[in-house]
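Worksheet: one structure, shown below.
No value in this document is a laboratory result; all are computed from the given coordinates. Every value quoted in this text rests on a predicted model; they were computed, and no experiment measured them. Positions of Cβ are backbone-derived with ideal geometry, glycine not excepted, and every protein chain shown enters the neighbour counts.
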Amino acid sequence: MLRNSFAAVLICVLLSSCLKAPKCEYDPCAYVAPSAEVQALQSYITSNSIVATQHCSGVFYSIVTQGSGKAPEACSNILVRYKGMLTNGTVFDESTTGVYFSLGNLIPAWRNVLPFLKTGGKMMIYVPPYLGYGNQQNGTIPPNSILVFEIDLDAVQ
């Protein structure tokens, strides 16, 4: 019995040594919002006198405070405080105390531009539908909605 247990443990150790940490390969420019969505978002930004940078994917962002800590990677675990809004100002989600997320599990817009921010920083993200929730209703968010996020990056793991 002891011999069988030892053999089982040995096999597990040998097999686990063959496993490698999963790579997080992510191309932030691989998914690009349709030009009509980008133009609608650009119109919103212009009509509201917002100063923002356009990312290659079509999401717009502005860094309010850069921060000075670690910058996240596409699959980092992050602690954020945030507010998600529709363009009419309706808040659809908010965390004022902070919540941990795996950046790799969030909408493409967050994965695309949060790596430009460092811990302690704050940014605004303006999201075309394709890089948010697309043509699907998500809770109180109507299909094909432009989303606005205010994000404070509190920690990166």
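Kindly provide the helix-only [θ] at 222 nm of the chain, computed as the sum of -39,500 (n - 2.57) over DSSP H runs of four or more divided by all residues, to the nearest 500 deg cm²/dmol? If you can, show how the numbers build up before the last one.
Details: 3 runs with 36 residues, N = 157.
After summing the helix terms and dividing by residue count, I get -7000 deg cm²/dmol.
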Open item on the list: Per residue of the range 120-127, what does 6.51 cos²θ - 1.76 cosθ + 1.60 with θ = phi - 60° give for ³J(HN,Hα)? Whole Hz please, x for Gly and Pro, Karplus curve as stated.
Closed with: x, x, 9, 9, 10, 10, 10, 10
Task: the range 2-156: relative contact order as a whole-number percent, Cα under 8 Å and 6+ apart - done: 27 percent
- [ ] Kindly put 152, 27 in sequence by how many other C-beta atoms sit within 10 Å of each C-beta, fewest to most.
- [x] 27, 152
Open item on the list: I need 25, 94, 37 ordered by Cβ neighbour count within 10 Å, fewest first.
Closed with: 25, 94, 37
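Let me know the charge dipole size of the range 38-120 about its Cα centre in debye, to the nearest 20, where only the beta-carbon of Lys, Arg (+1) and Asp, Glu (-1) is charged.
Details: 5 positive and 3 negative charges, 32 e Å.
With only Lys, Arg, Asp and Glu charged at Cβ, the dipole is about 160 debye.
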Open item on the list: Tell me which of 57, 77, 95 sits at the most positive position along the dipole axis of the range 2-156, charges placed on C-beta atoms (Lys, Arg +1; Asp, Glu -1).
Closed with: 77
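Could you give the dipole magnitude of the chain about its Cα centre, charging the beta-carbon of Lys and Arg +1 and that of Asp and Glu -1, in debye to the nearest 20? Write down the numbers at each step before the final one.
Working: 9 positive and 9 negative charges, 99 e Å.
Roughly 480 debye for the chain.
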Open item on the list: Taking every pair of distinct Cα atoms and averaging 1/r, then inverting, what Kirkwood hydrodynamic radius in Å comes out for the chain?
Closed with: 17.3 Å
